[in-house]
Amino acid sequence: MNKRIAMSAALAATLAMVGAPTAFAQDDAEAAAAESSAEEEGPLFPSMEHFGAVNVAEETAGRTIEDWAREMILWMNAPIDQNALETGDCNIGQGGDVFFLQNTWLGTTIVEQCTIPAGTNILAFPGGGFGFNTEPDETPEGLKAFGRQMGQFFNDPKIIVDGKSVPVGPSAWVDTEPFDYEVPENNIFGGYPPGTVTAHYGGWFVMLEPLEVGEHTIILADDSINPVRDADGNVHYTEGTAYAAYEITVE
């Protein structure tokens, strides 16, 4: 049961998780949590009621957060020459009613400059996962379960706007029913053959209110437990952080 996974806060994961069976995620996720002492009593994240964010039940420009999340996932997985992370240009592919800001690859730091039109909402994505089926006999249910299991490896999503923390609550997690996805030419998945696959994604999506005209800084970060198989097939867990700082001009 093989799947190719791209994780963004963390799209990092195209590497550690390629070819990893669902049983690996299921059986070893608990070991990862114990190894990192990440499991604690009480809510994992603070309340979703926070300054500067649109309530998850409200629509933005006539669309739900789930609709915007799906569009953002397609934007994040654009071909290499049209991809914000690959080109280092956070303005690429933008121009709609919502401006997309994503975190970077696990273990890396980026600083980018963006220009956003006044009055535009910002959809912030501090972390999550995207995967698609590479085996013809894999079921959509198995793919969805696998994607959800991957979410537990991202354990501390952060959004900071102009020095003020925006708590990321459980209701910020969005995942979808499996859907048909067209793998493009010149893709970010290590040259995977183009064509139609069944895909699934899950991640934290927070819709921010429009920023005032002027200069701003938005930081997206996430700590992650990264499972890696060695040459003997043994699984080891390492902790890493993805950190993206966006210097924004609103005009």
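Any read-out appearing in this document is the output of simple, stated calculations on the displayed coordinates, not a laboratory observation. Computed from a predicted structure; not experimentally measured. In this analysis, Cβ positions are derived from the backbone assuming ideal geometry, glycine residues included, and neighbour counts consider all displayed protein chains.
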Residue 245 paired with residue 58, simple spin-label distance in nm, labels 7 Å along Cα-to-beta-carbon: 3.0
Ranked list, fewest to most other Cβ atoms within 10 Å of each Cβ, for 246, 192: 192, 246
200, 216, 236 arranged by Cβ crowding within 10 Å, fewest neighbours leading: 236, 216, 200
Net charge of Cβ neighbours under 13 Å - reference residue 240; Lys, Arg +1; Asp, Glu -1: -4
Residues with amide H under 5 Å from that of residue 98, placed H, sequence gap 5 or more: none
Neighbour-count order for 171, 224, 165, fewest beta carbons within 10 angstrom listed first: 165, 171, 224
Centroid-to-centroid separation of segment 63-84 and segment 176-207 [C-alpha atoms, Å]: 10
